[in-house]
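First comes the structure, then the notes that go with it.
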Amino acid sequence: MRHAWLALRERFFGLAPWDASRIGDEWFRAHFDYAAEVVHAWLADALDLRTARLLNFGCGDGISDLALVLRHGATRIHGVDIRREYAKLPRIAREQLGMARIPAALTFETIAPGTALAGRHQGFDGIMSWSTFEHVQREQLLPILRDLHTCLRPGGVFFLQIEPLFHSPWGSHLRRYIETPWQHLLVPEDELWREIEAHQGPIAADEVDFGFADFGVDGYKRFVFEQYRELNRLTADELVALVQQAGFAVQRQERRSVDVQPPPELVERHGAEVLRNNEIFLLLRKGE
Ligand SMILES: C[S@@+](CC[C@H](N)C(=O)[O-])C[C@H]1O[C@@H](n2cnc3c(N)ncnc32)[C@H](O)[C@@H]1O
């Protein structure tokens, strides 16, 4: 009801005013500017964001969704996630943009990991997923990808990005605390944890998400380390094989690599290409 009222109000009076010059938080900026721009650049070739119904799988705090509406004209985005970070979005939008209400174009939902969406959600024109699929448990990858395939309309597209890939220099997602490249592939887990525990001082501003304050310094270390342990360690080749198995056609693909020389013992184990490949972008299509 409240949502319908908001939508009606927006139709007559427009979106609440916002001002990007107020942005002071680097995490916000990285998502509001960079991430949303990349998603837009990939999706806009295939869809008209002004009319498309979009799903964001693993929406996190929803900042990119907000930017897609405010900066790129999207009108309907449903975000799903296993956490409720998106509940902070109204406060974040107030603080960073001076925006009194988030747009009615945005809806969010918390799901249990692996919950099928297709029973309730069908006919999306586009799906996006940013830095999420490396966190999905391995055995859930294929069922989730099949479910997302079912959620799309025939001819619909799915933009999927992962960064950093597990085998890349900072693929542990622990760079906030450990600068040494490939350290997670070189030392045992308890040594990694000791390095994190011993870390003192601030962490890079664009790595401090809005969940940091909930955890505190030590709690955040434990949270980030647990996230590391749960990474599915997917390679780009494995991801491409899985999306194809789920029924998607790969319409466009880009892999990025870092220009750092991996240690010889790791090259022997994993191959230099896998070790240097830190990011993958895929534009997938469901057949007509
Ligand atoms: C690194 S965060 C990225 C969040 C957001 N896309 C962004 O760019 O800020 C990964 C997100 O994936 C979510 N996630 C992990 N496993 C998931 C699953 N099985 N289903 C839905 N979301 C999941 C996490 O809760 C988290 O919000």
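Since every read-out is calculated from the coordinates, none of them should be taken as a lab result. What you see is a predicted model, and the numbers here were worked out from it, not measured in a lab. Backbone-built Cβ (ideal geometry, glycine too); neighbour counts: all protein chains shown.
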Exercise for review: Keeping to segment 261-281, report how many residues are among the acidic types (Asp, Glu) and surrounded by 14 or more Cβ atoms within 10 Å (Cβ to Cβ).
Suggested key: 2
Exercise for review: Return a yes/no flag: does segment 9-31 have any residue that is of a type outside the set (Ser, Thr, Tyr), surrounded by fewer than 17 Cβ atoms within 10 Å (Cβ to Cβ), on the phi > 0 side of the Ramachandran plot and away from the ligand (no atom under 13 Å from the Cβ).
Suggested key: yes
Point to revise | Residue that is surrounded by the fewest Cβ atoms within 10 Å (Cβ to Cβ), among those in segment 152-163 that are near the ligand (Cβ under 10 Å from one of its atoms) and either part of a helix (DSSP H, G or I) or not charged (D, E, K, R) (or both) | key: Gln161
Revision key, fill the gap. Inside segment 125-144, the number of residues satisfying the requirement of being under 18 Å from Ala36 (Cβ atoms) and more than 6 Å from the ligand (Cβ to nearest atom) is 5
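So is Leu47 of a type in the set (A, V, I, L, M, F, W, C), in a loop (DSSP other than H, G, I, E, B) and surrounded by 18 or more Cβ atoms within 10 Å (Cβ to Cβ) or not?
Here the answer is yes, as Leu47 does meet what is asked.
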Revision key, fill the gap. The condition from (1) assigned to a loop (DSSP other than H, G, I, E, B); (2) within 16 Å of the ligand (Cβ to nearest atom) that Asp206 misses is numbered (1)
